[in-house]
């Protein structure tokens, strides 16, 4: 659950110039981008062949965050902004508050796929914005309480405010979509498997398409229709539960099944779901390349990995700044990222402690803030 | 003009060649005798998947820095204050997947070629000032004895990749460098000549630099008239061979080429690949050796001559500094006395024996100065596709570096040969692969070279076409196609002395009649073979030999099998799939996508990889269908 800083909402609601909305969308795509190292690290921590269901789940979430990133960038492009993917990606530091989030809100870190990490971070990000008690919980979650007490806005509120502001500009005679630069936007039908979404090719050319795109970003992942009870863990999607509940099955260790006795109508009391900790690498948390000794296996493979990551960001930067068909190359680099990550995890983080923490593929060069 | 002319820049650093070795033993291609151990690392004398079964095939440059600039005047510049080009880093594509290093065939692992590789020059701020695409070309002058025992196997090997960079693009900032301005001006058609000499490879998985090696490189101007893949010039060629079949002189030097640069009246010698190293891969000190012109063209290697038997040029610089900073290329002014002889007398490297000037010939130019080599020499011919069943190459012939007109060439087709080199026995013996050894060069009369007896024109060149047969069977039984090894040389009684692996080699794909509507049984054996040979894919990504996983991933599989041959992500990486088998795979996956519609749940895409399937809520029709099944639980009731 993302809790947007009140000052951000205020600035957005009071904006007089499109540049403010552009800034807001820059924060939005930064948010999506920041989730990728989080999910990728989780996926990379799964040993080959182990914990297949958990691994598949994390991968599918990562894919959807990439879709959200794409849609947020399309929206930014349509109103005249240019996503600086490379600069933004290289500047990400972990652990971090997600952009625009309140300080006492969710902190994301790069860690192995443990139950604790699933609960704190993955379920934290995906937590639906609802006051209904969720399965497995006897009291309201800390973030939900915080939201209620302080009256914080959700990501849904944030995007709603974006739409209102864009409509406002349009009514005032200053059409934000005057030059949507469609040729610079990515056609999602070409690159992403179709799911139950209503935003067509994902390009934004007017308020209606902006609405459709925003709806897709907000509705996936959380599943639960906002403010409705009882909850519907399918969230309108065919086939399987929304991500929050799939993660829940792994955390609570049991399948989510209908249960008339539970307050939410559902409980994690079905067949057991295993997360074999032996099948997870014990990663060095929030790894930077500088954590590894130069010349060590972790460093050489880690440097390789960071090189691929940088290349991926460079490629995506070109995609969203005039060369959308280069997503072709970016896709290839993403596979390369996976393969090179597999090399990194063969090494201990510290060569003098071969049975200790395992080297995690580094998404940062150092822990210091970039100049 | 090529990299041996001016202007040129040199660089040195490391390369990574993460090649997979499960496919090193052709017997591993036999699905029916494939063992799971063939995907594991070698253990002692049990070969398994050899020394890197989890290779990705990635080839890239790493940590390469520009070392020296030599402008059109040939004078070296090393001070960055004089030219910012010296601060540049030589690297790969900044925004594409990595290039791949690929053997022509498991029975010919002696012509490894780089595909999908881009070379870039980036300034100290990381801005790319030049980028070009490496035109795929296999390495040449491969030898295995560069480093002494106890350096093992491929670590002691060394080779040269020479090619052109095409579609070269410069950033306008390159104009701030006087050197880059000269280089742009000297090159034709947005192309540059590039040469990489690679050696000191680490095949020890316990070394952090596993699959890395040393590279010294050079970039210079490219001209259309010159061969792309070798230097046609003055070629030093040993006349002795060691047990590893390497041509090496008594003091361990292998063949290398040189040219006379007219603009500076110097001899430019490239021995980056030729001088022996110590066990730490540093160029050995060979003592005081001198380059000279021999006054008697018939003086043999290893003979002793008097002071009148040669005319001095200059001392050999066999320093590590020359190798690293000048990419192993030495520049020697040609004294007047040598200049008179040099165009029709052989060059040599000699060792002065005493004050009277008696000398011993260590290594000399090929007899009669004869050289003949083809620019492209490794071919894939596909009888399933007429347009891919023929190719063409240009042979170049020269005598003492001067193009030879009217030279007649001849071809000798290889006799049947078993692939002994890549099929070792394991200990314990029952872990030796059980498949039979493949035989190459059979059936005969399959590949045709036209004309059969080519004759060079006034530029010393002749085009030769190579044709595959109309139909090709499966002489290698469990894997596709056949390898043909064809020797070439001058016709008549004076052939050129050639490097061991300088052959024309052609892989001919087997004829394959693909069914109109392929089903899983049609495609499974092909996918099984790839899953066996490339565990980095089948274990690291998904096991496409299992129908559930292949079908779920039909989209991405169709995508990668449908790429252009030169694309870094072309599948298979090894480029050993015939056009008809490839079409069949594409047709199968297209059929799967059409029949199943798109997978609507992204999670299914990933869990479709799990051979156990994954638990999703069954659809009503599936429940209905299952109720009457003998295996359905009696407890299940309708929703």
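Descriptive notes on the structure:
- Among residues of the range B:504-544, those that are part of a helix (DSSP H, G or I) and within 11 Å of chain A (Cβ to nearest Cβ), counted: 4
- Qualifying residue in the range B:576-596 (condition: within 14 Å of another protein chain (Cβ to nearest Cβ) and modelled with pLDDT under 85): yes
- Scanning the range A:251-284 for residues that are at pLDDT 90 or above and under 30 Å from residue A:347 (Cβ atoms) yields a count of 11.
- Residue list for the range A:125-142, filter: in a helix (DSSP H, G or I) and either within 22 Å of residue A:213 (Cβ to Cβ) or touching a helix residue (DSSP H, G or I) at 6+ places or on another chain (Cβ under 7 Å) (or both): A:125, A:126
- Residue tally, condition within 29 Å of residue A:49 (Cβ to Cβ) and within 12 Å of chain A (Cβ to nearest Cβ), over the range B:563-575: 6
- Within the range A:318-329, the residues that satisfy the criterion of being surrounded by fewer than 24 Cβ atoms within 10 Å (Cβ to Cβ) and either facing chain B (nearest Cβ under 8 Å) or farther than 21 Å from residue A:82 by Cα (or both) are A:318, A:326.
- Looking across the range A:255-267 at every residue that is assigned to a strand (DSSP E or B) and more than 12 Å from chain B (Cβ to nearest Cβ), the one that is surrounded by the most Cβ atoms within 10 Å (Cβ to Cβ) is identified as A:266.
- Residue, nearest to the other protein chains (Cβ to nearest Cβ), within the range A:155-176, restricted to residues that are outside any helix (DSSP H, G or I) and surrounded by fewer than 20 Cβ atoms within 10 Å (Cβ to Cβ): A:175
- Residue in the range A:289-310 that is more than 8 Å from every other protein chain (Cβ to nearest Cβ) and on the phi > 0 side of the Ramachandran plot present: no
- Residue within the range A:76-84 that is touching a residue at least 60 places away in the same chain (Cβ under 8 Å) and more than 19 Å from residue A:203 (Cα to Cα) present: no
- Given (1) within 14 Å of chain B (Cβ to nearest Cβ); (2) in contact (Cβ under 8 Å) with a residue 60 or more places away in the chain; (3) in a loop (DSSP other than H, G, I, E, B), number of the condition residue A:346 does not satisfy: (2)
- Residues being surrounded by 18 or more Cβ atoms within 10 Å (Cβ to Cβ), within 14 Å of chain A (Cβ to nearest Cβ) and over 24 Å from residue B:570 (Cα atoms) - total across the range B:56-88: 1
- Exclusive hit being within 15 Å of the chain's Cα centre (by Cα), surrounded by 17 or more Cβ atoms within 10 Å (Cβ to Cβ) and assigned by TED's automatic domain parsing to the domain that holds residue A:161, set A:76, A:31, A:86: A:31
- Residue within the range B:545-564 that is assigned to a helix (DSSP H, G or I) and in contact (Cβ under 8 Å) with a residue 60 or more places away in the chain present: yes
- Restricting attention to the range A:54-96 and to residues that are assigned to a helix (DSSP H, G or I) and touching a strand residue (DSSP E or B) at 6+ places or on another chain (Cβ under 7 Å), the residue that is nearest to the other protein chains (Cβ to nearest Cβ) turns out to be A:55.
- Of all the residues in the range A:132-153, those that are surrounded by 15 or more Cβ atoms within 10 Å (Cβ to Cβ) and at positive phi number 1.
- Exclusive hit being farther than 30 Å from residue B:366 by Cβ and surrounded by 18 or more Cβ atoms within 10 Å (Cβ to Cβ), set B:534, B:488, B:501: B:534
- Residue A:315 being over 25 Å from residue A:48 (Cα atoms) and more than 9 Å from chain B (Cβ to nearest Cβ): no
- Residue B:30 vs. criteria out of contact with any strand residue (DSSP E or B) (no Cβ under 6 Å at 6 or more places or on another chain), surrounded by fewer than 22 Cβ atoms within 10 Å (Cβ to Cβ) and at pLDDT 95 or above: yes
- Exactly one residue among B:251, B:265 is touching a residue at least 40 places away in the same chain (Cβ under 8 Å), in the same structural domain as residue B:343 (by TED's automatic domain parsing), surrounded by fewer than 24 Cβ atoms within 10 Å (Cβ to Cβ) and on the phi > 0 side of the Ramachandran plot, and that residue is B:265.
- Residue B:53 in contact with a helix residue (DSSP H, G or I) (Cβ under 6 Å, 6 or more places away or on another chain) and either within 14 Å of chain A (Cβ to nearest Cβ) or crowded, with 22+ Cβ neighbours inside 10 Å (or both): yes
The values are calculated or read from the model by the stated rules, or taken from the named source; none is laboratory data. In this text, all values refer to a predicted model and were calculated from it rather than measured experimentally. Note: ideal-geometry Cβ built from the backbone for every residue, glycine included; neighbour counts use all protein chains shown.
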